[in-house]
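Remarks on the structure that follows.
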Amino acid sequence: MTVYVKGVVFEGVDFDDPNSWKIDAYIKRGGYAALKKILQEGITQDAIIAEMKASALRGRGGAGFPTGLKWSFMPRSFPGQKYLVCNTDEGEPGTFKDLDIIVNNPHALIEGMIIGGFAMGISVGYNYIHGEVFEAYQRFEAALEEARAAGFLGERILGTDFSFQLHGHHGYGAYICGEETALLESLEGKKGQPRFKPPFPASFGLYGKPTTINNTETFASVPYIIREGGQKFLELGKPNNGGTKLFSVSGHVNRPGNYEIPLGTPFSELLEMCGGMRGGKKLKAVIPGGSSAPVLPADIMMQCTMDYDSIAKAGSMLGSGAVIVMDETTCMVKALERLSYFYFEESCGQCTPCREGTGWLYRVVHRIEHGQGRAEDLDLLLSVGANIAGRTICALGDAAVMPVQGMLKHFRAEFEHHIEHKNCVAPGY
Amino acid sequence: MLEIEIDGKKLTVPGGSTVMDAAHSVGVHIPHFCYHKKLSIAANCRMCLVQVEKAPKPLPACATPVTDGMKVHTHSDMAVTAQKGVMEFLLINHPLDCPICDQGGECQLQDLAVGYGGSASRYEEEKRVVPNKNLGPLISTDMTRCIHCSRCVRFTEEIAGYQELGMPGRGEHTEVMTFIGKTVDSEISGNVIDLCPVGALTSKPFRYSARAWELSRRKSVSPHDGLGANLVVQVKDHRVKRVLPLENEAINECWIADRDRFSYEALNSEERLTKPLIKQGGVWQEADWQSALEYVVHGLKDIIANHGADSIAAVATEQATLEELYLLKQLFAGLGSQNVETRLRAADFGLKTQGATWLGQSIVDFVGSDAVLVVGSTLRKEQPLIAQRLRQAVKKGAKLAIVNSHGDDLLTTLAGELIVRPDQLVEGVLAVIKAVTEARGVAAPAHIDLAGVEVTDAARAVAAVFEGKDKTSIALGNLAQQNPRYAELHAAAAALAELVGAKLGVFAAAANSVGAQLAGATGAGNVFAQPKKAYVLLNTEVEFDTANGAEALAAVQQADMVVALGSFGSCALEHADVILPVSPFSETSGTFVNVEGKPQSFNGVVRPLGETRPAWKVFRVLGNLLGLENFGFNSSEEVRDLVLAGDVAAKLSNAAVAPVAVKAQAASGVVRLGEVPIYQLDMLTRRAPALQATADALAASQLKANAATLAKLGLAHGGNAQVKQGAGVATLAVALDAGLADDVVRVAANLPATRALGALTAAIEVTQA
Amino acid sequence: MAATRLLSDDARKEIDRELAKYPAEQRRSATMSALRIAQVEHRWLTNELIEEVAEYIGIAPVAVYEVATFYNMFDREPVGRHKITVCTNLPCALSGGADAGKYLQQKLGIGYGETTADGRFTLKEGECMGACGYAPVLLMNNHSMCKHMTPEAIDKKLAELE
Ligand SMILES: Cc1cc2nc3c(=O)[nH]c(=O)nc-3n(C[C@H](O)[C@H](O)[C@H](O)COP(=O)(O)O)c2cc1C
Ligand code: SF4
Ligand code: FES
């Protein structure tokens, strides 16, 4: 299913070979060479972080924060325990790339985390894995065993002074735990409720200790960058948008799946790789960066290239790289109703605007979808949305509002039709 | 220091301050719900959103750290729009039932909604309904009103020390609750009522009994433990309706214990006396004050004439005021008797100190110690708020250790814990002394004999808490003070304090324990051991307020005359000859001197019930009737000023007059660990129905022992046992208490079920029942 | 003080393995795995089970209860032998997720959140499982994911399950 095109994370992975995830296969395709290089050639922490900066790798978890910069924030000389955490709590509707990484190439992630641990002077790491993909958690645990047995993980790695312990931790069904501080709370055994920032995890993270958190794909890109050099990674993509990126394409395409392609690839090309629109239908709209990203209509989307800057310019965001493709049969009211329900259902409930506002948004959209809409509802939605956005503890509040804003910006007429005629303009979902 | 600007006002604040702190410091009010200065920052209500220049979004003042040069606008368009938006969200699911809500008139949501709420709701969906929870006899719930600020949850976890309340569920289904079927049992639980900004958590005893605006608020001081918590007593129609904390950072901060909050129910009890009573021919007759007082004067004079002045004695509890105790003592002095005593729960009167025993320093200094050793105390129940403050101190890095006769969970981290039999507390402290002498290569003073003392690892751990610490303290709790070897225990603790450079303190068991000493109302010792011909009992129920209820009751029963001054009839009705109804703390002016030696005077908050009179006035009249000199006081203040003339601090001292020799003793056999249950402390707590319905009260009459002892005695958890001390017998339910030493049987005192038993720390016979 | 022991020795051992991942003073971190292990053993989480987990971890029961009620995959009500969770979120719905849910409802004769009379199946509607590319997806008993669940695939799967 996963389609490897030209990439970093899935370099050399054979998706048809059930053993391709294993450590032997990984080593055969150049795995753990980066780690060996660091430990055997005495590459310094500074040099690694410089390489990460040079790569222009931006965090693949959604916010796109430059990874090298984040690593440089870690107080490396902090004397107490520090933690490295990987975010595999992939649960943003549309995103399923981290699942494929863990299942098909777990050692790339493990090696990336070990390198991260070395670069930031951290000796303990955790990988928080989405609850619903429990089999991926088991795969990860199995890969950890392999890495320990091979001497890449644990005490005195490869006979050096460097030790690093890595553990898997699974979620059990809460999207909010993808938010990094909710993830930390959850990792501490509590409800996954985001923390107010500041303080940021770099100073007050897991168990109150300095912590760096990155996405799975971010870590899995690290071995390549160290092995091949930051510059080479950067050149795979375009300036400020270094490297290749995994795009999880879902919805009305012929071949949904993960496509690892250079940042900056035109959307039209990506659509072609996916075999085009299912059933030859017409493209109506695309949510380009996971369900939180504002929807873009077909004409705008077809002009975009798949990178942070182009999508942002078009008024949406690349997010985690989940591309939800909708054809002409899609009812936008129904689509929004489902998304709004998701944010209402997943709101952690601690902060007022999100707890109360997501339910309000959902109930109004639900009414409209069910023929109970009122003329003033669309302005009400925007007003309630404005009262949520930017006022919450974490970005879930904004995430709940952006789909509403996007839909009403580009498809307002469809909503008005629903209110007036109490039926859909489109027959499909 | 950082320079910032709030609403155009320039100010400097220390680094690490939040915008909320800074605003408070210049008197700028920022609306808020979840923020509370004593709790961790949650930043969840979002009511405190303010505009910070250069920030693209409004920021929560409670959680945003101040940075140099920051410019904050709390009432700009951006800020007010954000605040109004939050208020709308808070109200969409909040019932509009202010007219029937107990919080009405003192509701922070209601207050702010007036300023920030819209006039009509734009929310037309169905409102949320949340089922109520049973949190126990003290706290009433109306959970639909909850605004999820999480203050109550944070309180139980952070201040009370154990997360009794949680917020299970997610999103809008989140509900504040206990774990299924559990009640909130903390001894300071009532504070969540004050913390709740809306009417979700309210006082169960107070429920629906008055509206906030009908109540007048009067200051007072708690009459229970020695902390002297400051109170606001709320009154309607000359009845106390409710008691709330009066903030005093140096004493109770903004908290009070449940005892302080709910004991007022007793003030309105049916058992209150309203007229003097005289027993004639075995029948109680109402009398006027004049006749009753003359009866007392004649009776006392007669007995003195026939049996001498030493044949009369007066006892009072340490909940009596400084003025009352002084006048009682003067009255007896005038009659030629020195037999006045307030240390009714003591078993050893051998200790003579150079002044009134006290904490040895201020409360703030005490809890600011780097290391604290508490000896012999059921700390959470004896001193609920000191326990709370020590819990906060431990969080900030202080080391806490105990030498105790039980291992009750203090809901904090102990750095050392030495559990011994109650009759071996002295040996426990000796073991710590010996550990110190070994670790430091120093010698103990000559009067401390360490021969035969065994140093255990536990003793070493306790000794180690003082290591490398500057400000250290040792405090003796109620169990220590009630110990039959208190003088030795005190001497050992003092020697240890000397060795490690700690300050020695004595926890005051009651509101006026220190004041009683300053008033000179101590010194007689046990006046029940050798029965007297006449007793004057001030606020004392002999079987409930003494160390050996059986002995005290026997003494009183054989006396020729018993004069009971109190607010309630009950016990005294059986053995007294005259009962004089005197005011509880709420109906008289007076002074309590708290554990840190601070005199706190208060006025009556309601007028005395019926013909009740303040006891100080009763003593004044008695003095006059007896023709005694120096009884011409016009006010209680005059009495106080006389007693406290000069430097009060100079009258406080924990130093013994002469060294008491301490020597280890062996102990064997089954020994009773007797202690006063939290809600049996005094006449008021005993009569507060809600307190008597708490889990603490219900569990008080259990017999407890560790597994080995239970097995040895043939008892089982959940079964029954019969205990016997002298002629006293009681049948009690049995419970396992793993925190006890072997052969220790924990049987509380001063309970209806156990009042017939003997001494608190003594041999006890236990059999299966 | 739990009178009966609900968690087996094996379950306790498994919890111990999870506890070993965290610093000794952070036992609470294993709460989620302990609840998962308890649920696998007892199918759903009773209050007694939650209390026993709390006691084993050494934290307040209400703190464990908070966790048990926050995460969707914990069952606080009895469930059938096979709990089937269907993802009906938008990306899945666009590729037959919602239809698979409807098909299951029809076939089992129950609605979401219900259990068949024979106690064999419980059907739940789930949120995004992070597997949208494999839609329709079903999660069997929380831990095993079935991908591309067309009606035929569903029929086949149901037939396999006792
Ligand atoms: C509601 C919400 C959900 C999120 N979910 C995820 C997620 O599933 N995976 C992820 O890596 N980051 C997620 N994030 C972003 C993380 O908070 C964080 O920015 C990211 O893990 C950092 O890693 P990166 O710098 O490598 O991108 C989410 C953020 C929010 C606000
Ligand atoms: S925005 Fe929503 S999810 Fe984020 S902290 Fe607030 S209530 Fe929780
Ligand atoms: S007081 Fe600041 S968010 Fe509640």
Suppose we flag trypsin sites (Lys or Arg not before Pro) only when DSSP calls them loop and at most 13 other Cβ atoms lie within 10 Å. Which is the longest uninterrupted stretch of chain A?
A:7-155
Could you tell me which of C:Thr69, C:Pro23, C:Ala38 has its Cα farthest along the dipole of segment C:9-70 towards the positive end, charges placed at Cβ (Lys, Arg +1; Asp, Glu -1), taken about the Cα centre?
C:Pro23
Got a number for carbon plus sulfur as a percent of chain B's accessible area, 1.4 Å probe?
51 percent
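Please sort by residue number the chymotrypsin sites (Phe, Trp or Tyr not before Pro) in segment B:174-264 whose DSSP state is loop and whose Cβ has at most 11 other Cβ atoms within 10 Å.
Working: sites: B:Phe179, B:Phe206, B:Tyr208, B:Trp213, B:Trp255, B:Phe262, B:Tyr264; in loops: B:Phe179, B:Phe206, B:Tyr208, B:Trp255.
Taking segment B:174-264 and a limit of 11 other Cβ atoms within 10 Å, the loop chymotrypsin sites (Phe, Trp or Tyr not before Pro) found are B:Tyr208.
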Based on the Cβ-Cβ distance from B:Gln558 to B:Lys396, what FRET efficiency comes out when R0 is 56 Å, to the nearest 0.05?
0.55
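For segment C:82-160, report the translational diffusion coefficient in µm²/s to the nearest whole number, using Stokes-Einstein at 4 °C, 1.567 mPa s, and a Kirkwood Rh over Cα pairs. If you can, show how the numbers build up before the last one.
On the way: Rh = 12.0 Å.
Estimated via Stokes-Einstein, D reaches 108 µm²/s.
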Indicate the residues belonging to segment A:384-405 that lose 40 Å² or more of solvent-accessible heavy-atom surface (probe 1.4 Å) upon moving from the chain alone to the assembly of all protein chains, ignoring ligands and nucleic acids.
A:Asn387, A:Gly390, A:Arg391
Taking a 24 Å limit on the Cα-Cα distance, which of the listed pairs B:Lys329/B:Lys533; A:Lys53/A:Lys232; C:Lys83/C:Lys107; B:Lys10/B:Lys54; A:Lys334/A:Lys422; A:Lys97/C:Lys83 fall beyond it?
A:Lys97/C:Lys83
Taking the Cα centre of segment C:82-160 as origin, sum charge times position over the Cβ atoms of Lys and Arg (+1) and Asp and Glu (-1), and report the length of that vector in debye to the nearest 20.
100 debye
Interface size C-B, as summed buried accessible area [1.4 Å probe, Å², nearest 100]
1300 Å²
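What Kirkwood radius, in Å to one decimal, follows from the Cα pairs of segment B:581-712? The partial results should precede the final answer.
On the way: mean 1/r = 0.0502 Å⁻¹.
It is 19.9 Å.
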Enter the mean projected area of the convex hull around the alpha-carbon atoms of segment B:469-509, in nm², rounded to one decimal.
2.7 nm²
In segment C:82-160, carbon and sulfur make up what percent of the accessible area (probe 1.4 Å)?
49 percent
Positive dipole terminus of the protein assembly as shown, leading residue within B:Thr540, A:Tyr4, A:Tyr172 (C-beta point charges):
A:Tyr4
Quote the charge dipole size of segment A:321-420 about the Cα centre in Debye, to the nearest 20; the model charges only the Cβ of Lys and Arg (+1) and of Asp and Glu (-1).
280 debye
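Using helices alone, what [θ] at 222 nm do you get for the protein assembly as shown, with -39,500 (n - 2.57) per DSSP H run of 4 or more residues, divided over all residues and rounded to the nearest 500? Let's see the in-between values first.
Values: 49 runs with 464 residues, N = 1360.
Mean residue ellipticity, 222 nm, calculated: -10000 deg cm²/dmol.
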Under-5 Å amide H pairs with B:Ala475, H placed in peptide plane, nonlocal only
B:Leu373, B:Val374, B:Val375, B:Gly505
Expected vector for segment B:717-727, Karplus 3J(HN,Hα) from phi with 6.51, -1.76, 1.60 and θ = phi - 60°, integer Hz, x for Gly and Pro, equals 3, x, x, 10, 9, 10, 10, 9, 9, x, 8
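Would you please put B:664-671, B:325-332 in order of how densely packed they are, using the mean number of other Cβ atoms within 10 angstrom per residue and starting with the highest?
Per-residue Cβ counts within 10 Å, averaged per peptide and sorted highest first, yield B:325-332, B:664-671.
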Using alpha carbons only, how many angstrom separate the centre of segment C:110-136 from the centre of segment B:456-523?
64 Å
With heavy atoms of protein chains only and a 1.4 Å probe, what residues of segment A:208-250 have at least 40 Å² less accessible area in the full set of chains than alone?
none
Could you tell me the total accessible area buried at the A-B interface, probe 1.4 Å, in square angstrom to the nearest hundred?
2700 Å²
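Leaving out ligands, DNA and RNA, and with a 1.4 Å probe, what % of the accessible surface on chain A is carbon or sulfur? Don't skip to the answer; put the middle values down first.
Numbers: 6960 of 13260 Å².
Whole-percent figure for carbon plus sulfur exposure: 52.
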When the accessible area of each residue in segment A:1-37 is compared between its chain alone and the complete protein assembly (1.4 Å probe; ligands, DNA and RNA ignored), which residues differ by at least 40 Å², being lower in the assembly?
A:Met1
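With only Lys, Arg, Asp and Glu charged, each at its Cβ (+1 for the first two, -1 for the last two), find how big the charge dipole of segment C:9-70 is about the Cα centre; round to the nearest 20 debye.
260 debye
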Between A and C, accessible area buried - total, square angstrom, nearest 100, 1.4 angstrom probe:
4100 Å²
Would you kindly derive the ³J(HN,Hα) couplings of segment B:591-608 from the backbone phi angles with the Karplus curve 6.51 cos²θ - 1.76 cosθ + 1.60 (θ = phi - 60°), listing them in order in whole Hz, with x for Gly and Pro?
9, 10, 9, 7, 4, 9, x, 8, x, 10, 8, 9, 10, x, 9, 9, 6, x
No solvent, one uniform scatterer per C-alpha: report log10 I(q)/I(0) for chain B via the Debye equation at q = 0.05, 0.09, 0.10 1/Å, two decimals.
-0.28, -0.89, -1.07
Mean accessible area per residue over the protein assembly as shown (1.4 angstrom probe, all protein chains present, square angstrom) is 34 Å²
Put +1 on the Cβ of each Lys and Arg and -1 on the Cβ of each Asp and Glu in segment A:1-148; which of A:Ile110, A:Leu69, A:Asn127 then has its Cα farthest toward the positive end of the dipole?
A:Leu69
Counting only Cα atoms, I'd like the Rg/Rh figure for chain A, Kirkwood definition for Rh.
0.99
Sequence-distant residues sharing a close amide H with B:Leu736 (under 5 Å, placed H):
B:Gly718
Run down the lysines and flag those whose C-alpha is under 22 Å from the C-alpha of B:Lys471, throwing out any fewer than 8 positions away in its chain.
B:Lys395, B:Lys396, B:Lys399, B:Lys434, B:Lys503, B:Lys598
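Just the Kirkwood number for the protein assembly as shown, please: inverse of mean 1/r across all distinct Cα pairs, in Å, one decimal. Could you put the intermediate results ahead of the total?
Numbers: mean 1/r = 0.0286 Å⁻¹.
Taking every pair of different Cα atoms in the protein assembly as shown, averaging 1/r and inverting gives 35.0 Å.
The values are calculated or read from the model by the stated rules, or taken from the named source; none is laboratory data. Bear in mind the structure is a predicted one, so any value in this text is a computation, not a measurement. Note: ideal-geometry Cβ built from the backbone for every residue, glycine included; neighbour counts use all protein chains shown. For accessibility, only protein heavy atoms count, side chains too; no ligands or nucleic acids. Shrake-Rupley method; radii C 1.70, N 1.55, O 1.52, S 1.80 Å.
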